[in-house]
Amino acid sequence: MNKSTTIWGHLSAAPHRSLFLAGSFQALLTILWWSIELAGRAGLVATPLLSGITPTWVHGFLMVYTFFPFFILGFLFTTFPNWMNGEKIRPNRYMAVCLLMVCGVMLFYAGLFASKLLVSAGLLLMLTGWANAIAALFHVLLTAPAGDKRHAWVAGTAFVAGWLGLCAYALWVLTDNTDMLNFSRQAGIWFFMLPILLTVSHRMIPFFSSRVLENYVVIRPFGLLWLMVGCAVAHGILHLLDLQGYAWWADLLLAGCALYLSYVWQFFRSFHVRLLAVLHISFAWLGIAMLSFGLQGMLFWLNGEEHYWLGLAPLHMLVVGYFASMVLGMASRVTLGHGGFPLELDHLTWQLFIAFQVVIVLRVIPDILPFAASMAPKFYLAAGGVWLSCFLLWVIKYAPIYWRARVDGKAG
């Protein structure tokens, strides 16, 4: 067996391997592209002209639809069969999904500097990959033995909503219909990413906590999960209806639920185990982000100010603080566990995770502190530099695990 065959065999040995690997490099490319764009705006470098697509909408799309999904699918392809004792997803299925998505992202990047035709071709490949992924997930969901499928139904439905958001973005590229862009933006955050991560957090954080903390009582109220998912969807719908001034009540309700769960899930006790603490820290950002959304929205509703006083700070607390931090923490755990390593977070990874929290602080400071607003470009570039540094070191450490055999000699 030659080396290339061996590498392919290891990459296809488990669903997370190829998808996490692709997501790792996309984590770097997404922010590298945006950092170059920000540097160009600051006059530090010359940036090439894009093919008629506003860079801001490219940035948001790359974050939500081309970075997170690789990690989410790698996780769901692994956990769906385990959650429901269902049929394992076959290697040819998840490898096809990964290749379609990777090729789609590559064509999308090429199209940014060449033509919208290539962008559209890339989006079509991504849509095909996502459709195959959804079919695989629902096959497991519908054929698994009867049991508790509530988490799986939420996650599967959210991925369908994400696919619709991706369709809307493709239609915007083809037609310049801003309604399609707006739907894509709202669906990506409030109908896709947030419901899925809420579901994963609700199922996995108390479970992982119970495995390592003594005398830990698992508290997993489904009523709160339905309420939080409902609040997320309500936020998105109100924004789509141009009623964003009324979304504050849903935001504050979601914030209260999240902060309550951080408390009953014993946030402070989690620091006894680093691998657990990273998940609790990530989840805590959800409560902080939604509280910020709610307070900002309520002030807007009460005073009718022309602009939001916190700007985009709540959004970045949510996307970087909760989404990206949770992906970093969960990916580390899955990689270690399924690579045959002890479930212990080493000093380097812990330091990288803590340093990554600085990205959030740097990004939101110009929005929160008026005196820093004039220095916003410098803060944004610094945030991008810290993101790149953290993920680059993480990729250097963890990426080789995906194309090598498990260290314990087991399959997978």
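The values are calculated or read from the model by the stated rules, or taken from the named source; none is laboratory data. None of the values given here were measured: they were computed from a predicted structure. With ideal geometry, Cβ positions are generated from the backbone for all residues, glycine too; neighbour counts draw on all protein chains shown. Heads up: the accessible areas ignore ligands, DNA and RNA and are worked out on the full protein's heavy atoms, side chains in. Shrake-Rupley method; radii C 1.70, N 1.55, O 1.52, S 1.80 Å.
Some observations on this one:
Residues checked against (1) in contact (Cβ under 8 Å) with a residue 60 or more places away in the chain; (2) closer than 25 Å to residue 165 by Cβ; (3) among the hydrophobic types (A, V, I, L, M, F, W, C); (4) in contact with a helix residue (DSSP H, G or I) (Cβ under 9 Å, 6 or more places away or on another chain):
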| residue | (1), (2), (3), (4) |
| --- | --- |
| 15 | yes, yes, no, yes |
| 22 | yes, yes, yes, yes |
| 25 | yes, yes, yes, yes |
| 72 | yes, yes, yes, yes |
| 85 | yes, no, no, no |
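- Any hit, region 355-365, residues being outside any loop (DSSP other than H, G, I, E, B), under 19 Å from residue 14 (Cα atoms) and within 18 Å of the chain's Cα centre (by Cα): no
- Filter pass, residue 381 being more than 25 Å from residue 208 (Cα to Cα), open to solvent by 30 Å² or more (accessible area, probe 1.4 Å), within 23 Å of the chain's Cα centre (by Cα) and modelled with pLDDT under 95: yes
- Only one of 123, 112, 76 that is at pLDDT below 95 and in a helix (DSSP H, G or I): 112
- Restricting region 266-319 to residues that are touching a Phe, Trp or Tyr at 6+ places or on another chain (Cβ under 8 Å) and among the β-branched types (Val, Ile, Thr) leaves a set whose member that is most open to solvent (accessible area, probe 1.4 Å) is 281.
- Restricting 278, 212, 264, 273 to those that are under 22 Å from the mean Cα position of the chain (by Cα) and not hydroxyl-bearing (Ser, Thr, Tyr) reduces the list to 278.
- Flag if residue 371 is in a helix (DSSP H, G or I) and open to solvent by less than 40 Å² (accessible area, probe 1.4 Å): no
- Number of the condition not met by residue 223 [criteria: (1) touching a Lys or Arg at 6+ places or on another chain (Cβ under 6 Å); (2) open to solvent by 10 Å² or more (accessible area, probe 1.4 Å)]: (1)
- Pairs with Cβ under 8 Å, 6+ apart, first in region 352-377 and farther than 13 Å from residue 310 by Cα and touching a residue at least 60 places away in the same chain (Cβ under 8 Å), second among the β-branched types (Val, Ile, Thr) and open to solvent by less than 70 Å² (accessible area, probe 1.4 Å): 353/278; 353/281; 357/281; 360/320
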